[in-house]
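Here is the structure we will look at, set down as structure tokens.
The values are calculated or read from the model by the stated rules, or taken from the named source; none is laboratory data. As the structure is a prediction and not an experimental result, all values here were calculated from the model. Because the Cβ atoms are built from the backbone with ideal geometry, glycine has one as well, and the counts that use them run over all protein chains shown. Surface areas here come from the heavy atoms of the whole protein model, side chains and all, with no ligands, DNA or RNA. Shrake-Rupley method; radii C 1.70, N 1.55, O 1.52, S 1.80 Å.
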Amino acid sequence: MGKLFLVATPIGNLKDITLRALDTLKKVDLIAAEDTRQSLKLLNYFNIKKPLMSYHKYNEKDKSELLIEKLKDGKNIALVSDAGTPGISDPGSIIVHKCIEEGIDFEVLPGATAVTTALVYSGMNTSQFVFIGFLPRENKDKRAFLQGIKDRSETLIIYESPHRLMNTLEILKDVLGNRNIAICRELTKIYEQILRFTIEESIKYYLESNIRGEFVLVIEGRDKKELLEEQMEIWINLSVEDHIRMYIEKGLNKKEAVKKVARDRNISKSQIYKYSINL
């Protein structure tokens, strides 16, 4: 039985490859790559000669079956994406799932990542963050998704392509409001650029600038105090019964709803429970 290695590759600067990654790429029998042409540049730079197989989102399911057979035949295989870690906004999760199902050994090699690089560059809160990856393509789906996370207090991290950047910024402003944002472009590459401003300022900036390269957007989370004040305004205008119903309608059971209302109103659960008996 062979072994699968998921190898993180540089997100721009080829010198960010790890020694362990290079050692692994030299030793495996085959390298499955998201774009063989892109991976060939990396391999040639480090003078690594290995057979390459195309493995991307359009053939991932079929090629995973083929790779599993090769692993069963004793071949050691490395999986790489164009940049970063396979399986994170790139193909890789299907083959991992199949390896687990088949009892095939696999190893994940860490490396450069745009997520943490952009987060630290942003200067925003790094203690808690939510990595979203790419937003849905359709505007209505994008808005619905953002509505679902707009009250999160954690820093939000989004990947975006150049031709969708302006549209995304406009929707972010509509749904999240005019928050602080850091826009990180072409991370670790020659034309790396980090811009920090409000979402509204970013829209004005890109109306007058050429939009090129790949982007990571780091967005300030919802202010907890502001959210609490907004929620309190809603609670003040609700009866205790309606307050409990509000949480039940959101999917909580009665016991959980009572607990939430008691916490919201800073009242004991036993006092709130009396209002829930007939609900």
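Annotations for the structure displayed:
- Here Rg/Rh (Cα atoms, Kirkwood Rh) was calculated from the structure, and among (1) 1.41; (2) 1.09; (3) 0.99 it sits at label (2).
- In order along region 134-142, the Karplus-derived 3J(HN,Hα) couplings, from 6.51 cos²θ - 1.76 cosθ + 1.60 at θ = phi - 60°, round to 7, 6, x, 6, 6, 4, 5, 6, 5 Hz, and Gly and Pro are given as x.
- Contact order relative to length of region 1-95, as percent, for alpha carbon pairs under 8 angstrom and 6 or more apart: 46 percent
- Nearby lysines by direct alpha-carbon distance to LYS15 (threshold 25 angstrom, same-chain neighbours under 8 apart not counted): LYS26, LYS27, LYS41, LYS49, LYS50, LYS189
- Value of relative contact order over the chain, rounded to a whole percent, pairs C-alpha under 8 Å and six or more apart: 17 percent
- Cα-based helix-to-principal-axis angle, 254-265 vs the chain, degrees rounded to 10: 70 degrees
- The angle between the Cα long axis of helix 93-102 and the main principal axis of the chain comes to about 80°, on a 0 to 90 degree scale.
- Annotation: aspartates and glutamates with alpha-carbon distance below 13 angstrom to LYS250 (same-chain offsets under eight excluded): ASP242.
- Residues LYS61 and ASP105, FRET efficiency given R0 of 25 Å [Cβ-Cβ distance, rounded to 0.05]: 0.70
- When both region 9-71 and region 108-126 are represented by their alpha-carbon centers, they are found 23 Å apart.
- Carbon plus sulfur fraction of accessible area for the chain, probe 1.4 Å, in percent: 49 percent
- Think of it as helices only: each DSSP H run of n ≥ 4 in the chain is worth -39500 (n - 2.57), and spread over all residues that comes to -13500 deg cm²/dmol at 222 nm.
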